[in-house]
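Trainee: The following block contains the structure, expressed as C-alpha cells.
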Amino acid sequence: MSQKEKLADRLRSKPKDFTFKEVAVLLGHFGYTEISGGKTGGSKVAFANAEKDYIRLHKPHPRNELLPYQVANLINDLTERGLL
C-alpha cells in the first residue's frame, strides 16, 4: 500500500489527530501545492492544482491537528472531486 493510499485511508477513518503536515503530503499526492502569501496569509491556507482548483482551510494553531469539522470538510472536498 502506497503512502497516498495509507493517508487517504487514515483520513477516511476521521482520526482526531490528523495533522496539517499529513494534509499537505496527501494533497501533494493529488497534485496540489500550497499557495503562500497574498490573501492566504496567516492561518488561511490554500492548495491549488494545475487546473487552478483550490482547496482552502485554516491552518491549525497552536496545535498541529485538524479539528473534526476540518477533517469532515476535507473528506467532502476530496470526495466531490473524485479523489477519495
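The values are calculated or read from the model by the stated rules, or taken from the named source; none is laboratory data. Predicted model only: the values in this text are computed from it and were never measured. Glycine also receives a Cβ, built like all others from the backbone with ideal geometry; neighbour counts cover every protein chain displayed.
Trainee: Among the residues of region 53-72, which ones are outside any strand (DSSP E or B), without any contact (Cβ under 8 Å) to a residue 40 or more places away in the chain and touching a strand residue (DSSP E or B) at 6+ places or on another chain (Cβ under 7 Å)? Before you say what the answer is, go through the steps one by one.
Mentor: Narrowing region 53-72 to residues outside any strand (DSSP E or B): 53, 59-64, 66-72.
Applying the additional criterion that residues be without any contact (Cβ under 8 Å) to a residue 40 or more places away in the chain yields 53, 59, 61-63, 67, 69-70.
Residues satisfying the conditions are 59, 70.
Trainee: Here's something else I'd like to know. Cβ-Cβ distance below 7 Å, separation of 6 or more or different chains: which pairs start in region 1-29 with a residue that is in contact (Cβ under 8 Å) with a residue 24 or more places away in the chain and end on one that is among the β-branched types (Val, Ile, Thr) and outside any helix (DSSP H, G or I)?
Mentor: 27/55
Trainee: Pick from region 30-44 the residues that are exposed (fewer than 10 other Cβ atoms within 10 Å of the Cβ) and part of a loop (DSSP other than H, G, I, E, B): which of them is modelled with the highest pLDDT?
Mentor: If we filter region 30-44 for residues that are exposed (fewer than 10 other Cβ atoms within 10 Å of the Cβ), which is where we start, we get 36-39, 41-42.
From the residues that got through so far, the ones that are part of a loop (DSSP other than H, G, I, E, B) too are 36-37, 41-42.
Working: 36: 71, 37: 63, 41: 57, 42: 66.
Applying the filter and picking the extreme gives 36.
Trainee: Still on this structure: With respect to residue 50, determine if the residue is at pLDDT below 95, assigned to a strand (DSSP E or B) and among the aliphatic types (A, V, I, L, M).
Mentor: Values: at pLDDT below 95: yes; assigned to a strand (DSSP E or B): no; among the aliphatic types (A, V, I, L, M): yes.
Against the criterion (at pLDDT below 95, assigned to a strand (DSSP E or B) and among the aliphatic types (A, V, I, L, M)), residue 50 does not qualify.
Trainee: Related question: Can you pull out every residue in region 17-36 that is of a type outside the set (A, V, I, L, M) and touching a helix residue (DSSP H, G or I) at 6+ places or on another chain (Cβ under 7 Å)?
Mentor: Narrowing region 17-36 to residues of a type outside the set (A, V, I, L, M): 17-22, 28-34, 36.
If the condition is that a residue be of a type outside the set (A, V, I, L, M) and touching a helix residue (DSSP H, G or I) at 6+ places or on another chain (Cβ under 7 Å), then 18, 22, 29, 34 are the ones that fit.
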